[in-house]
Amino acid sequence: DAGVIQSPRHEVTEMGQEVTLRCKPISGHDYLFWYRQTMMRGLELLIYFNNNVPIDDSGMPEDRFSAKMPNASFSTLKIQPSEPRDSAVYFCASSLGLPQETQYFGPGTRLLVL
Amino acid sequence: QQPVQSPQAVILREGEDAVINCSSSKALYSVHWYRQKHGEAPVFLMILLKGGEQKGHDKISASFNEKKQQSSLYLTASQLSYSGTYFCGTEGGYSGGGADGLTFGKGTHLIIQP
């Protein structure tokens, strides 16, 4: 299996621009998670989906952030408008179930907002 | 709430042992341990599902005391390849009755010197 796929791997943008991050989970995994990692706050869960339905978005920092999962093999995390404090590494992960199932992480997208 | 990891950092010589602790303030379904190397995604090490359980592979093992809501990761006869940041992720419950996804500690930085 190819594992969790994320794109782009790196993104540099200017403040105010829209940013879209993409994720393809492992085939057959029913759960998809979006995390953000910064030095100050560590790894934070932003939102997770079960069978394409958002279950818990309490970690989404602001209305500028939105996530969708139109089908079982694709999810997006959008930031509009972006701000410098959004600079971080964004990871997507997927798992067969919840709880007590292993989460497999994608390689991450390094976002820099200037 | 975010689990608390200790110590924050450890420097060892190759062949020495280390223990990393993870403590939560809430009841847990499970504890997950991950290792992350610089610039890479977190990689799953093991999951502990019930109180008193101890698991391990190679020279890395872990225990989970459900009553105390604590887990410890044991690295025996450490190797250079063990260097990285170790995260515990805890699964607790949410008001809806299900699990609430992983909440990660801030990590323990492990440096192994030859």
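Read the figures in this text as sums done on the coordinates, not as results from a lab. Please read all numbers here as calculations on a predicted model, not as lab measurements. Virtual Cβ from ideal backbone geometry, glycine too; neighbours counted across all protein chains shown.
Placing +1 on the Cβ of every Lys and Arg and -1 on the Cβ of every Asp and Glu, with nothing else charged, gives the range A:9-114 a dipole about its Cα centre of roughly 280 debye.
Each Lys and Arg Cβ is given +1 and each Asp and Glu Cβ -1; about its Cα centre, the protein assembly as shown then shows a dipole of about 260 debye.
Taking each of B:26/B:106; B:37/B:59; A:78/B:106; B:37/B:68; B:37/B:106 in turn, the alpha-carbon distance tops 23 angstrom for A:78/B:106; B:37/B:68.
Between the listed residues B:70, B:18, B:83, the Cα displaced farthest toward the positive end of the dipole of the protein assembly as shown, a dipole computed from Cβ unit charges relative to the Cα centre, is found at B:18. Pick out, from A:61, A:111, A:42, the residue whose Cα sits farthest towards the positive end of the charge dipole of the protein assembly as shown, with +1 on the Cβ of Lys and Arg and -1 on the Cβ of Asp and Glu. So the residue furthest toward the plus end is A:42.
Listed from fewest to most Cβ neighbours within 10 Å, the set A:101, A:62 follows the order A:62, A:101.
In terms of surrounding Cβ atoms within a 10 Å radius of their Cβ, A:60, A:40, B:46, A:15 rank from fewest to most as A:40, A:15, B:46, A:60. This ranking places B:103, A:13 by how few other beta-carbon atoms lie within 10 Å of each, fewest first, which gives A:13, B:103. Derived scalar couplings between HN and Hα for the range B:70-78 equal 10, 9, 10, 10, 10, 10, 9, 6, 4 Hz in order, rounded to whole Hz, by the Karplus curve 6.51 cos²θ - 1.76 cosθ + 1.60 (θ = phi - 60°), x for Gly and Pro.
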